[in-house]
Amino acid sequence: MIPFLQKTLYSLADLLLPAICPLCGKNNIPHPESLCSTCEGEILLGRVPPLTRTDSVPEILSCRFYEGAVRKYIKELKYSERHTLINVFNKIIYYFIEKDEFFSHKIDLIIPVPLHRTKHKKRGFNQSELIAAILSQALNAPSLSYILLKTRRTHSQAGLSREKRIKNLAGSFAAGNIETIKNKSILLVDDVITTGATLDTCGSVLLRAGVRSVRGFTLAKVA
Ligand SMILES: [Zn+2]
């Protein structure tokens with residue numbers, strides 16, 4: 001079918017058929033960029049993990065445990081093209097900024113954990129940049145995605161121990177434009193933390209480049 005016609009028919013179908021929640025696949029949703037109230041409620045009321053500490057990043061705040069609806073949501077965010085689903089986390093992020101002591105510390109710059117450029121190109125976006133953009137607006141601090149670079153593609157971290165992950169990541173990140181970050185307090189942002197190896201590796205690259213401090217923020221933490 002001609003792509004234009006196909007697109008038009010899909011748009012018509014969107015108008016005529018009630019949209020279904022991408023997480024549970026059962027309930028109708030009010031608009032295409034939302035979840036059903038059951039799934040959204042599960043995310044809003046999810047369990048909050050304790051702070052994580054690594055060698056180079058003394059405090060990492062994660063909003064929710066990576067489980068249930070949160071887990072499905074983050075996968076949907078990453079592997080579908082519906083970037084605006086990130087807005088489901090707006091309320092939660094703003095809640096933490098208003099209520100949590102973590103945000104009483106000064107933050108000069110926000111830096112998202114980068115993807116390797118071939119992965120970025122393939123996916124079309126970096127989910128960490130989406131999260132960093134919300135934080136940037138809420139904290140009135142710039143988010144800079146050109147400071148940290150993933151210079152080498154690495155094997156999937158799934159199933160690896162913390163030691164193996166650190167080895168796998170060694171030398172795979174670099175910092176550029178380091179004059180911009182000298183003596184700055186950095187908030188490093190990723191979508192999910194598992195062992196903390198990625199944030200720790202990025203944190204040590206930033207510290208070596210001369211930043212004052214690095215703290216971390218993720219949407220979710222693997223229990
Ligand atoms: Zn749902």
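The values are calculated or read from the model by the stated rules, or taken from the named source; none is laboratory data. On a predicted model such as this, the values are computed, not experimentally measured, just so you know. For neighbour counting, all protein chains shown are included, and Cβ atoms are generated from backbone atoms with ideal geometry for every residue, glycine included. Protein only, heavy atoms only, side chains kept; ligands, DNA and RNA dropped before computing areas. Shrake-Rupley method; radii C 1.70, N 1.55, O 1.52, S 1.80 Å.
Can you give me the number of residues within the range 144-177 that are of a type outside the set (S, T, N, Q), free of Cβ contacts under 8 Å to residues at least 40 places away in the same chain and not in a loop (DSSP other than H, G, I, E, B)?
Residues that pass the stated criteria total 11.
Please indicate, with yes or no, whether at least one residue in the range 82-90 is β-branched (Val, Ile, Thr), part of a helix (DSSP H, G or I), at pLDDT 95 or above and open to solvent by less than 30 Å² (accessible area, probe 1.4 Å).
no
Out of (1) modelled with pLDDT under 95; (2) open to solvent by 30 Å² or more (accessible area, probe 1.4 Å); (3) assigned to a helix (DSSP H, G or I), what's the single condition that is false for residue 180?
Evaluating residue 180 over (1) modelled with pLDDT under 95; (2) open to solvent by 30 Å² or more (accessible area, probe 1.4 Å); (3) assigned to a helix (DSSP H, G or I) leaves (1) as the failure.
Looking at 195, 201, which one is in a loop (DSSP other than H, G, I, E, B), buried (at least 16 other Cβ atoms within 10 Å of the Cβ) and on the phi < 0 side of the Ramachandran plot?
195
Restricting the range 155-175 to residues that are open to solvent by 40 Å² or more (accessible area, probe 1.4 Å) and of a type in the set (S, T, N, Q), which is farthest from residue 196 (Cα to Cα)?
Checked the range 155-175; the qualifying residue farthest from residue 196 (Cα to Cα) is 156.
Please go through the range 15-43 and pick out each residue that is away from the ligand (no atom under 13 Å from the Cβ), under 17 Å from residue 84 (Cα atoms) and either at pLDDT below 70 or surrounded by 14 or more Cβ atoms within 10 Å (Cβ to Cβ) (or both).
Within the range 15-43, just 33 meets the criteria.
Those residues that are basic (Lys, Arg) and either away from the ligand (no atom under 14 Å from the Cβ) or open to solvent by less than 90 Å² (accessible area, probe 1.4 Å) (or both), I need them from the range 44-74; list them, please.
If the condition is that a residue be basic (Lys, Arg) and either away from the ligand (no atom under 14 Å from the Cβ) or open to solvent by less than 90 Å² (accessible area, probe 1.4 Å) (or both), then 47, 53, 64 are the ones that fit.
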